[in-house]
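Visitor: Pasting a structure here, questions to come.
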There are 2 protein chains.
Amino acid sequence: MSERIPHWLEKQSEVNPHHIALESPDGGKKTFGELRQESRQMAQALMKSGVQKGDHIAFLSDNDLNYPVFIHAISYIGAVVVLLNTRLTSAEISYQLKDAHVKRLFISNSYEVKAEKASKNLNTAVQKVSELPQELADEYDLKRELALDEVYTMMYTSGTTGKPKAVMHTYGNHWFSAIASSLNLGLRHDDKWLMCLPLFHVGGFSVLMKSVIYGMTIHLMEKFEPSLVNKALITEGVSHVSVVTVMLQKLLEDLDGKRYPDHLKCMLLGGGPVPVHLLEQTADRNVPVFQTYGMTETSSQIATLSPESAFTKIGSAGKALSIAELWIDNDDEKQPGEIIVRGPMVSKGYYNHPHQRDAYLRTGDIGYKDEDGFLYVVDRVKDVIISGGENVYPAEIESVLSDIPGIREAGVTGRKDERWGEVPVAFLVSESPGTLEAEEVLDFCKERLGKYKLPAQLHWVEELPRNASNKVLRRQLFSLLDQED
Amino acid sequence: MSERIPHWLEKQSEVNPHHIALESPDGGKKTFGELRQESRQMAQALMKSGVQKGDHIAFLSDNDLNYPVFIHAISYIGAVVVLLNTRLTSAEISYQLKDAHVKRLFISNSYEVKAEKASKNLNTAVQKVSELPQELADEYDLKRELALDEVYTMMYTSGTTGKPKAVMHTYGNHWFSAIASSLNLGLRHDDKWLMCLPLFHVGGFSVLMKSVIYGMTIHLMEKFEPSLVNKALITEGVSHVSVVTVMLQKLLEDLDGKRYPDHLKCMLLGGGPVPVHLLEQTADRNVPVFQTYGMTETSSQIATLSPESAFTKIGSAGKALSIAELWIDNDDEKQPGEIIVRGPMVSKGYYNHPHQRDAYLRTGDIGYKDEDGFLYVVDRVKDVIISGGENVYPAEIESVLSDIPGIREAGVTGRKDERWGEVPVAFLVSESPGTLEAEEVLDFCKERLGKYKLPAQLHWVEELPRNASNKVLRRQLFSLLDQED
């Protein structure tokens with residue numbers, strides 16, 4: 001991919017200068033013309049302060065209207081930005097700064113303490129974005145084009161096990177991802193995407209890319225607050241919103257039987273397996289939920305249920321997007337096997353791990369296709385419990401458990417067992433603690449799960465450990481018990 | 001561009017197997033699943049009959065539902081297809097067959113005589129598509145992927161002067177063209193594009209590509225018949241239609257004051273300069289006309305007026321599409337100069353003319369941009385009349401002339417003149433011959449045009465010479481006078 005395209009923000013500002021690029025619930029707004037102006041100025045200030053093409057810099061900030069300004073500024077310079085997860089500890093940040101060879105760490109005001117701590121023993125200078133010098137470098141040096149094969153962003157994979165690795169995304173990865181999504185979901189000039197996921201994750205960041213590539217408005221929220229999100233979905237003319245399972249659950253609870261307006265066309269649901277009863281509940285209430293499959297390495301979605309099939313293929317993540325391919329590593333794709341993907345939105349590799357990638361990406365997820373070719377994601381390869389020679393998928397057990405009235409959430413993981421090798425153990429969050437007996441839970445499971453899938457232990461806990469993408473960290477479930485000791 | 005994408009018809013047939021790909025006014029229909037099946041069979045039959053990857057073959061057929069089957073069959077083989085204009089003489093076809101090194105010419109039944117004549121002294125075998133052998137080559141050899149940098153089609157430029165040249169289009173040219181258009185016009189799953197332009201021209205062919213890339217229905221008509229087109233636009237749920245100026249005029253006449261329904265969102269108007277009074281008339285009647293600029297070399301549109309500006313920038317062809325760039329070759333882009341374009345939809349060159357292309361394409365068209373950057377196409381460089389040192393643009397004079405009540409069409413070209421170098425001469429088609437005096441015409445012009453732009457002669461003719469794209473052939477205007485002799 002040696003192809004170059006005109007700088008996408010230049011283009012939007014040329015074609016749609018007065019269209020709203022960003023708005024926030026407090027009434028803040030930026031048009032594409034304003035976003036361009038501010039991003040260019042930010043780029044000039046960054047360059048004056050020493051940031052150069054090819055530099056690795058990091059960014060640590062909450063979601064706010066200045067986040068996209070910084071992100072676009074980087075593209076005008078041709079630097080590479082490492083997007084830091086604000087929920088990480090300073091030690092974790094320190095690891096990423098070192099691993100990614102970051103020269104400068106830029107932060108919003110609230111992260112000063114964490115950033116100073118993280119960079120203490122490194123050569124990484126910390127700089128508040130709000131305190132950049134007023135002088136500007138020459139506008140002449142700003143990029144007018146984007147090379148599709150140049151690296152733009154790095155994001156560390158949430159890494160439920162092992163050391164996190166930096167996924168490198170090129171401009172092309174982001175561009176093809178946005179295009180593939182539009183070919184699936186369609187595109188209208190009045191689309192407005194509500195964003196309540198953090199922008200430092202690919203699920204949030206990809207919508208920033210869609211905005212500048214389509215010329216689409218983002219309604220940007222600092223964080224997920226169910227009542228505020230529902231209010232905005234209903235009153236702000238929102239057409240799309242990205243959610244993960246736990247958010248969808250909370251939104252439906254908060255909605256309390258009301259309906260979303262017709263302008264809400266798509267709730268894009270990512271972030272791992274979803275209990276089928278939740279999807280049935282949304283279908284019953286006509287909520288346009290499109291389950292999707294993707295990961296940091298695929299620059300967000302790579303398969304998504306199409307609008308046509310949203311209500312007929314419940315539980316499926318659909319089919320590979322237009323320019324992507326997806327296989328099951330099993331002679332019979334109807335049987336579970338590792339999901340393998342390919343496409344121009346798939347990252348070329350991990351920084352500092354040069355030999356990790358083939359032309360195909362082995363995702364580490366288990367899935368199968370039904371007779372019509374629709375993908376069902378079963379579980380993570382690494383989370384599979386092998387009990388008496390049988391594969392046991394935690395997600396299947398979790399789905400059954402969370403169908404039990406009175407259980408809010410369930411997490412399942414394996415425990416070593418002398419007889420069976422491993423056995424499943426369940427961690428449950430009750431809606432009203434003390435009201436549900438273990439026996440009732442097991443009786444419910446016995447009707448729905450084979451004997452070897454029955455949890456060997458049940459533990460009631462207050463909440464499940466989740467990473468910053470809200471995925472349950474199954475490997476940390478047992479540590480909940482340590483805390484209780 | 002070494003990028004490969006899954007074969008687009010495989011993809012549509014996987015994702016939208018039951019969606020209608022093609023329909024005809026007589027009720028004929030093909031779903032994407034059927035289109036795939038038939039195209040693959042056709043490919044297998046062609047391969048069995050000897051067509052191989054990389055072969056140059058030609059196709060001569062009217063618009064019908066089998067046209068796309070043949071086109072997609074070629075992509076399953078990886079051959080290159082020369083799309084022949086059915087309105088050409090057999091001598092012209094013969095030239096193209098020879099120039100493009102065509103091994104086999106495939107035809108629909110109606111072109112047998114013309115094809116035999118055209119290939120008489122060549123090594124090109126003629127074969128009716130309907131009489132392909134029943135045996136099929138192995139399905140295993142069909143392409144599963146398309147390489148974006150591989151040549152797929154060749155089309156001869158309409159060539160108002162000089163020998164026609166074959167424009168080579170890669171899969172990538174067509175793909176990026178379709179994507180760029182969708183980013184401008186939007187994309188909905190219920191879109192339906194009415195096609196009454198010949199498929200052998202890029203304006204028609206590009207919609208075939210859009211259909212398979214978007215998963216969109218084409219309502220395919222054999223030819224342009226105003227009353228039938230209007231009927232279909234009104235009753236068939238059509239959202240888009242491609243037209244050239246003369247078609248738009250006839251559609252409006254036939255429409256006779258009625259209105260198009262709301263589902264008609266876009267009349268894409270291409271094929272050269274348009275009289276402003278016609279655009280004003282459509283704006284008055286709320287007809288969603290989007291003027292566009294493009295040519296065979298740019299795989300159809302490269303600039304298009306956006307829906308937002310359709311009624312405010314009348315006469316403009318808009319701005320360069322998302323991934324394209326467009327300049328005026330003049331230090332001040334607000335002054336007329338040659339239009340220069342670049343982008344991944346621009347053809348890499350002409351077959352047999354290896355050194356004709358730079359990174360930029362000089363279009364041979366004159367245009368300027370207004371203060372908001374909107375493109376106005378003025379005329380062809382070659383058609384400019386230089387009179388007493390002043391540039392005179394035939395299109396400007398034609399636009400004034402066709403504003404005169406009673407004049408249906410006007411064509412203007414230059415004639416050598418001893419005093420001025422050249423002077424403009426007008427050829428006029430009257431709505432009712434004999435009712436309009438030359439003096440009235442000149443009086444009308446004198447109020448609107450500088451003296452050096454006034455036609456030195458007026459000729460009343462029955463119709464103007466047009467090429468197969470319906471463009472007026474100004475260089476042939478004088479030959480009308482010979483015929484009258």
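The values are calculated or read from the model by the stated rules, or taken from the named source; none is laboratory data. Everything numeric here is computed off the predicted structure, so don't read it as measured data. Please note: Cβ atoms are built from the backbone with ideal geometry, for glycine as well, and neighbour counts cover all protein chains shown.
Visitor: Somewhere in the stretch A:290-297, is a residue within 14 Å of chain B (Cβ to nearest Cβ) and more than 21 Å from A:Trp175 (Cβ to Cβ)?
Guide: yes
Visitor: So which residues in the stretch A:109-156 are of a type in the set (Gly, Ala, Ser) and outside any strand (DSSP E or B)?
Guide: Matches in the stretch A:109-156: A:Ser110, A:Ala115, A:Ala118, A:Ser119, A:Ser130, A:Ala137.
Yes or no, residue by residue, for (1) over 26 Å from B:Arg144 (Cα atoms); (2) in contact with a Phe, Trp or Tyr (Cβ under 9 Å, 6 or more places away or on another chain):
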{"site": "B:Pro68", "(1), (2)": "no, no"}
{"site": "B:Leu88", "(1), (2)": "yes, yes"}
{"site": "B:Phe106", "(1), (2)": "no, yes"}
{"site": "B:Val113", "(1), (2)": "yes, no"}
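Visitor: When the stretch B:315-370 is examined, which residues are found to be assigned to a loop (DSSP other than H, G, I, E, B), charged (D, E, K, R) and within 14 Å of another protein chain (Cβ to nearest Cβ)?
Guide: B:Glu333, B:Lys348, B:Asp370, listed by residue number.
Visitor: Next question, about the same structure. Do you know which residues across the stretch B:222-238 are basic (Lys, Arg) and either on the phi > 0 side of the Ramachandran plot or touching an Asp or Glu at 6+ places or on another chain (Cβ under 9 Å) (or both)?
Guide: Matches in the stretch B:222-238: B:Lys223 only.
Visitor: Next question, about the same structure. Quick check: is even one residue across the stretch B:83-91 closer than 27 Å to B:His219 by Cβ and within 14 Å of chain A (Cβ to nearest Cβ)?
Guide: The answer is no, given that none of the residues of the stretch B:83-91 is closer than 27 Å to B:His219 by Cβ and within 14 Å of chain A (Cβ to nearest Cβ).
Visitor: Moving on. May I ask you to verify whether B:Arg415 is of a type outside the set (Phe, Trp, Tyr), in contact (Cβ under 8 Å) with a residue 60 or more places away in the chain and within 24 Å of B:Val274 (Cβ to Cβ)?
Guide: no
Visitor: Quick check on the stretch A:278-300. Is at least one of its residues basic (Lys, Arg), outside any helix (DSSP H, G or I) and crowded, with 22+ Cβ neighbours inside 10 Å?
Guide: Within the stretch A:278-300, none of the residues are basic (Lys, Arg), outside any helix (DSSP H, G or I) and crowded, with 22+ Cβ neighbours inside 10 Å.
Visitor: Checking the conditions here, which among B:Pro275, B:Pro307, B:Pro344 is outside the structural domain of B:Leu473 (by TED's automatic domain parsing), more than 30 Å from B:Glu150 (Cβ to Cβ) and under 19 Å from the mean Cα position of the chain (by Cα)?
Guide: Criteria check complete, one pass: B:Pro275.
Visitor: Got a sec? Which of B:Arg87, B:Arg104 is touching a strand residue (DSSP E or B) at 6+ places or on another chain (Cβ under 8 Å) and not assigned by TED's automatic domain parsing to the domain that holds B:Phe200?
Guide: Residue meeting the stated conditions: B:Arg104.
Visitor: Pick out the one residue from A:Lys223, A:Lys231 that is more than 14 Å from every other protein chain (Cβ to nearest Cβ), touching a residue at least 24 places away in the same chain (Cβ under 8 Å) and basic (Lys, Arg).
Guide: Within the list A:Lys223, A:Lys231, the selection yields A:Lys223.
Visitor: May I pose another question? When the residues of the stretch A:311-326 are narrowed to those that are farther than 22 Å from B:Val212 by Cα and hydrophobic (A, V, I, L, M, F, W, C), which ends up nearest to the chain's Cα centre (by Cα)?
Guide: Only one residue fits best here, namely A:Ala317.
Visitor: Output the qualifying pairs, or none if there are none: Cβ atoms under 6 angstrom, residues six or more apart or on different chains, first residue in the stretch A:2-13 and at the interface with chain B (Cβ under 9 Å from one of its Cβ atoms), second residue in a helix (DSSP H, G or I) and not aliphatic (A, V, I, L, M).
Guide: Pairs found: A:Gln12/A:Phe32.
Visitor: Considering only residues that are in contact with a strand residue (DSSP E or B) (Cβ under 6 Å, 6 or more places away or on another chain) and surrounded by fewer than 23 Cβ atoms within 10 Å (Cβ to Cβ), look in the stretch B:20-29 and name the one that is farthest from the other protein chains (Cβ to nearest Cβ).
Guide: Selected residue: B:Ser24.
Visitor: Tell me the helices (runs of 4 or more DSSP H) entirely within the stretch B:179-267 that contain at least 3 residues that are crowded, with 21+ Cβ neighbours inside 10 Å, in contact with a Pro (Cβ under 9 Å, 6 or more places away or on another chain) and modelled with pLDDT of 95 or more.
Guide: The qualifying helices (runs of 4 or more DSSP H) are B:202-214.
Visitor: Output the residues belonging to the stretch A:371-386 that are within 14 Å of another protein chain (Cβ to nearest Cβ) and charged (D, E, K, R).
Guide: Once the filter is applied, which keeps residues that are within 14 Å of another protein chain (Cβ to nearest Cβ) and charged (D, E, K, R), the stretch A:371-386 yields A:Glu371, A:Asp372.
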